[in-house]
Amino acid sequence: MTLAAANAIISRVFRPTMNVGQIYVRPYGSTTPHMPIGNVLELGLEHTEQVITQPNMTQLGGGVHSEVRRVQEAKLKMKIADLNLTNLARACQGTLGAVEAGTVTAEAHTAQLGGLLRLKHMAPTAVTVKKGETAEAASEVTAAGNYEVRPEGIYLLPTAAGISNAEKLWVAYSYGAYAVMEALTTKAVELDIVFGGLNEADSGNPQIVEIFRASQGVTSALALLNSGFGALDVTGTVLMDSTKEGVGISKYYKVSMT
C-alpha cells in the first residue's frame, strides 16, 4: 500500500462501526503467543479526565481563563461469555489445579437421612456404600430405596430403610480426571491484550486494538444459578508500558484499521 493510500484511510469520514471479533491475551511481559479467550460479548475502554481550570478574574461575569485537561485513567471493561477455567481463574483471582483419575476404597461419612454425603471427588462411578463401625466389618447397602448417586456426592433418601441417622458409612467409588479452581488465592493478573475486530457495518474491514498492559480485576458477580446464559463482568486499568518508546508512540494502547 502506498503512503497516499494510507493517508486516504486516515481522511475517511464515513466509518460506521459495529465490531465482532476475537480477543487474545497473554501475561504482560511474556513472549509466548497470545491465546484466544473465547466469546466476549462486550469489550471497551473508558477514559476519565482530570480537568483543572483557572477562573477569569479580569472582568465581571467570570468564566474560564485557562484550562488543562489530563487523562486520569483508562479503564478496561469486558463481558466474558465463555466461563472456561482460565477465564474463571483470572476473574476470581484463583489458582488452577488438575486432579488425576483414581479410586477411593473406604471414604468415611456419618449418615443423615435427607442429606448429601459430599465426597472428596466429583462425579463418582462404580459406587458402593457400606455401613458399620469399621470399614473392614461394614456390610453393603443397596442403592434402591436408600440413596442416589449424584455428581456432587451421595444423596441419602429421607425414607431410606437400610440406613439410620448417625450410622457410620464407608463409600468406595471411582472418579475421572477433573480440574479445580481455588478462588481468591492470588493477586490480580496483568495482561497483554489484542483485539482482532471485524467491522460488520463497514464491509467487514479489520480493526486491531493492542492494549499493551492492563490489570484485570475480580468479577463483579459470579452467577451460579440463573435462567439465562452466564457471563463474567470484569474491569481493569490500562497501565503504562515503559518498554514503548519514541515520539508519538503510545505507552498504553494502539488502534490499527484499513
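The values are calculated or read from the model by the stated rules, or taken from the named source; none is laboratory data. Source: prediction; values computed, not measured. So basically every Cβ, Gly included, is an ideal-geometry build from the backbone, and we count neighbours across all protein chains shown. The protein model used for the area step is the full one, side chains on, heavy atoms only, and it has no ligands, DNA or RNA in it. Shrake-Rupley method; radii C 1.70, N 1.55, O 1.52, S 1.80 Å.
Answer yes or no as to whether M122 is surrounded by 14 or more Cβ atoms within 10 Å (Cβ to Cβ) and in a loop (DSSP other than H, G, I, E, B).
yes
Exactly one of (1) exposed (fewer than 13 other Cβ atoms within 10 Å of the Cβ); (2) modelled with pLDDT of 95 or more; (3) polar (S, T, N, Q) is unmet by N39. Its number?
Condition not satisfied by N39: (1).
Within region 210-228, restricting attention to residues that are of a type in the set (A, V, I, L, M, F, W, C) and at pLDDT 95 or above, which residue is most open to solvent (accessible area, probe 1.4 Å)?
Initially, region 210-228 is screened for residues of a type in the set (A, V, I, L, M, F, W, C), giving 211-212, 214, 218, 221-225.
Then keep just the ones that are at pLDDT 95 or above; that gives 211-212, 214, 218.
Numbers: I211: 7, F212: 21, A214: 1, V218: 71 Å².
This residue is V218.
In region 36-64, which residues are without any contact (Cβ under 8 Å) to a residue 12 or more places away in the chain and either touching a strand residue (DSSP E or B) at 6+ places or on another chain (Cβ under 9 Å) or outside any loop (DSSP other than H, G, I, E, B) (or both)? First the steps, then the outcome.
Of the residues in region 36-64, the ones without any contact (Cβ under 8 Å) to a residue 12 or more places away in the chain are 55-64.
Selection gives P55, N56, M57, T58, G62, G63, V64.
Within region 68-87, track down each residue that is in a strand (DSSP E or B) and among the hydrophobic types (A, V, I, L, M, F, W, C).
V68, V71, A74, L76, M78, I80, listed by residue number.
Would you confirm whether or not region 125-142 contains a residue that is in contact with a Lys or Arg (Cβ under 6 Å, 6 or more places away or on another chain), more than 27 Å from S215 (Cα to Cα) and open to solvent by less than 40 Å² (accessible area, probe 1.4 Å)?
yes
Residues checked against (1) on the phi < 0 side of the Ramachandran plot; (2) among the basic types (K, R); (3) open to solvent by 80 Å² or more (accessible area, probe 1.4 Å):
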{"site": "T17", "(1), (2), (3)": "yes, no, yes"}
{"site": "Q22", "(1), (2), (3)": "yes, no, yes"}
{"site": "R26", "(1), (2), (3)": "yes, yes, no"}
{"site": "M35", "(1), (2), (3)": "yes, no, yes"}
{"site": "Q54", "(1), (2), (3)": "yes, no, yes"}
{"site": "L76", "(1), (2), (3)": "yes, no, no"}
{"site": "L88", "(1), (2), (3)": "yes, no, no"}
{"site": "T95", "(1), (2), (3)": "yes, no, no"}
{"site": "T103", "(1), (2), (3)": "yes, no, yes"}
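So the check is Cβ under 7 Å with 6+ separation or different chains; which pairs have a first residue in region 195-219 that's in contact (Cβ under 8 Å) with a residue 40 or more places away in the chain and a second one that's β-branched (V, I, T) and in a loop (DSSP other than H, G, I, E, B)?
These pairs meet every condition: N199/T17; A201/T17; D202/T17; N205/T258; P206/T258.
Regarding region 7-15, can at least one residue be identified that is under 28 Å from K251 (Cα atoms), of a type in the set (K, R), in a loop (DSSP other than H, G, I, E, B) and open to solvent by 70 Å² or more (accessible area, probe 1.4 Å)?
yes
Any residue in region 60-72 that is touching a Lys or Arg at 6+ places or on another chain (Cβ under 8 Å) and open to solvent by less than 80 Å² (accessible area, probe 1.4 Å)?
No: zero hits.
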